[in-house]
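Taking it in order: structure first as structure tokens, then the write-up.
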Amino acid sequence: MSDFLPTGIQLTYLVAASLFILGLKQLGSPATARQGNVVAAVGMLLAIVATMLDQHVLNYEMILVGLVIGSLIGIVAAYKVQMTDMPQMVGLLNGLGGAASALVAVAEFWRLLGNGEAIPLDANISMLLDVLIGGVTFTGSFIAFAKLQGIMSGSPITFPLQQPFNLSLLAAFIAGSAYLIINPHSLPVFLGIVAVSLVLGVMFVIPIGGGDMPVVISLLNSFSGLAAAAAGFVVMNNMLIIAGALVGASGIILTEIMCKAMNRSLFSVLFSAFGTVAASG
Amino acid sequence: MTEALIAALFVFVLASFTGFEVINKVPPTLHTPLMSGSNAISGIAVLGAIVASGARETNLSVILGLIAVILAMVNVVGGFLVTDRMLQMFKKKEIKA
């Protein structure tokens, strides 16, 4: 009897994962797109309800409050936004998803730190990946939003020594990660890694022109899927891993299709600003 | 633990291949709705947030988890509704044409 609930949760996850796959498939064809969206939403509802039944979840009153607050904000935002502002709206929502994934890793790190428990190597690596991808998705999506919304200039922003600066950020992330893998219980280094990831997201998007933002948002959407999958490895939850991998992979394909429709390569979209700098200088 | 990790890696790789295969020729008008719909699915991070904030252990992790629950839920609900609004618009256009 004690196995009944965990088994039920896993089977519900299996149904939800199938609904996500069906929904994505149907979203790709005009005749079934609207139905596909509903199918995916039902999958999400099942996945959330099943997770709330998990016996490790003791704090469910508070979580319910959180779910309701988030839903209300989502409803208001979805109906207030103008149809012409849809791409930046998707960017904004995507950023929130990335932030949520990164926060899961930070929360988990804090919990393990407080327990004084040994942090296993695989959990450690998953947390670092989650923070990196989630952090980049978070700030990158907000920059994409700002560019499309006209809060920020849509033209590419470049400055001298930009690429060396970016490379040194990446090096700082790798060095910090290596340090954390040897000494997992270092809060300052962990916070440093969070900060570096957030700056990397900004640096990734500012050199890209406003017209290419939809492609960037699609790529960041793929990232947010990977961040969710990394969060799945952190808390060892198959549903997160499946849905995250689905979005990560389908997002990459969609990004490529969007580039092809514009007759450009993904590489030229991401790095054309550096090309023009090199050509003019 | 290692066995669980390997099983999880299998799940990840197979789901990735499914993701690659599920998207083929998408007409350009559906690019943004498809992106928006899969963005809503990536709000699945809410599950991780629920698990992270579920334990009554340390206060800060619960608070961070709860913030994550709210953010991910905005992504999920907003994402699906926004996608539906976009797709609704296409339908009206088709009827007019």
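The values are calculated or read from the model by the stated rules, or taken from the named source; none is laboratory data. Computed from a prediction, not measured in an experiment: that's the story for all the values here. Here Cβ is always computed from backbone atoms with ideal geometry, including for glycine, and neighbour counts include all displayed protein chains. The area values use the complete protein model at the heavy-atom level, side chains included, leaving out ligands, DNA and RNA. Shrake-Rupley method; radii C 1.70, N 1.55, O 1.52, S 1.80 Å.
Figures for the structure shown
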| read-out | value |
| --- | --- |
| Filter result (more than 16 Å from A:G244 (Cβ to Cβ) and more than 7 Å from every other protein chain (Cβ to nearest Cβ)) within the range B:1-23 | B:T2, B:E3, B:I6, B:E21 |
| Extreme residue, surrounded by the most Cβ atoms within 10 Å (Cβ to Cβ), among residues of the range A:47-81 that are at pLDDT 90 or above and polar (S, T, N, Q) | A:T51 |
| Residues of the range A:235-269 satisfying the condition of being under 24 Å from A:N166 (Cβ atoms) and open to solvent by 20 Å² or more (accessible area, probe 1.4 Å) | A:I252, A:E256, A:R264, A:S265, A:L266, A:F267, A:S268 |
| Check on A:V49, in a loop (DSSP other than H, G, I, E, B), touching a Ser or Thr at 6+ places or on another chain (Cβ under 8 Å) and either within 10 Å of chain B (Cβ to nearest Cβ) or β-branched (V, I, T) (or both) | no |
| Any chance A:I206 is surrounded by fewer than 22 Cβ atoms within 10 Å (Cβ to Cβ), outside the structural domain of A:A16 (by TED's automatic domain parsing) and not aromatic (F, W, Y) | yes |
| Close pairs (9 angstrom Cβ cut-off, 6 or more residues apart or separate chains): in a loop (DSSP other than H, G, I, E, B) in the range A:132-159, at pLDDT 95 or above and among the aromatic types (F, W, Y) anywhere | none |
| Test: A:D122 is among the acidic types (D, E), farther than 19 Å from B:S61 by Cα and either assigned by TED's automatic domain parsing to the domain that holds A:G192 or not in a helix (DSSP H, G or I) (or both) | yes |
| Test result for A:A16, touching a Leu at 6+ places or on another chain (Cβ under 7 Å), within 18 Å of B:L66 (Cα to Cα) and either open to solvent by less than 90 Å² (accessible area, probe 1.4 Å) or assigned by TED's automatic domain parsing to the domain that holds A:N238 (or both) | no |
| Filter result for B:L87 (out of contact with any Ser or Thr (no Cβ under 8 Å at 6 or more places or on another chain), assigned to a helix (DSSP H, G or I) and open to solvent by 30 Å² or more (accessible area, probe 1.4 Å)) | no |
| Of residues in the range A:260-281 being of a type outside the set (S, T, Y) and over 25 Å from the mean Cα position of the chain (by Cα), the one modelled with the highest pLDDT | A:N263 |
| Any hit, the range B:55-67, residues being farther than 20 Å from A:N124 by Cα, within 7 Å of chain A (Cβ to nearest Cβ) and at pLDDT 85 or above | yes |
| Residue within the range B:18-39 that is closer than 16 Å to A:A228 by Cβ and open to solvent by 10 Å² or more (accessible area, probe 1.4 Å) present | yes |
| Test: residue in the range A:103-115 that is farther than 19 Å from A:L191 by Cα, facing another protein chain (nearest Cβ under 8 Å), in contact (Cβ under 8 Å) with a residue 60 or more places away in the chain and in a helix (DSSP H, G or I) | no |
| Within the range A:125-143, considering residues that are within 12 Å of chain B (Cβ to nearest Cβ) and either touching a Gly at 6+ places or on another chain (Cβ under 9 Å) or farther than 22 Å from B:L71 by Cα (or both), the one surrounded by the fewest Cβ atoms within 10 Å (Cβ to Cβ) | A:I125 |
| Lone qualifier among A:V235, A:V215 - being at pLDDT 90 or above and not aromatic (F, W, Y) | A:V215 |
| Where A:V57 falls short, out of the listed (1) facing another protein chain (nearest Cβ under 7 Å); (2) assigned to a helix (DSSP H, G or I) | (2) |
| From B:G19, B:G37, B:G48, residue being closer than 16 Å to A:P214 by Cα and among the small types (G, A, S) | B:G37 |
| Residues that are in contact (Cβ under 8 Å) with a residue 24 or more places away in the chain and of a type in the set (A, V, I, L, M), drawn from the range A:175-193 | A:L180, A:I181, A:L187, A:I193 |
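Yes or no, residue by residue, for (1) modelled with pLDDT of 95 or more; (2) more than 7 Å from chain B (Cβ to nearest Cβ); (3) open to solvent by less than 20 Å² (accessible area, probe 1.4 Å); (4) in a helix (DSSP H, G or I):
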{"site": "A:S2", "(1), (2), (3), (4)": "no, yes, no, no"}
{"site": "A:L5", "(1), (2), (3), (4)": "no, yes, no, yes"}
{"site": "A:G8", "(1), (2), (3), (4)": "no, yes, no, yes"}
{"site": "A:Q26", "(1), (2), (3), (4)": "no, yes, no, yes"}
{"site": "A:L45", "(1), (2), (3), (4)": "yes, yes, no, yes"}
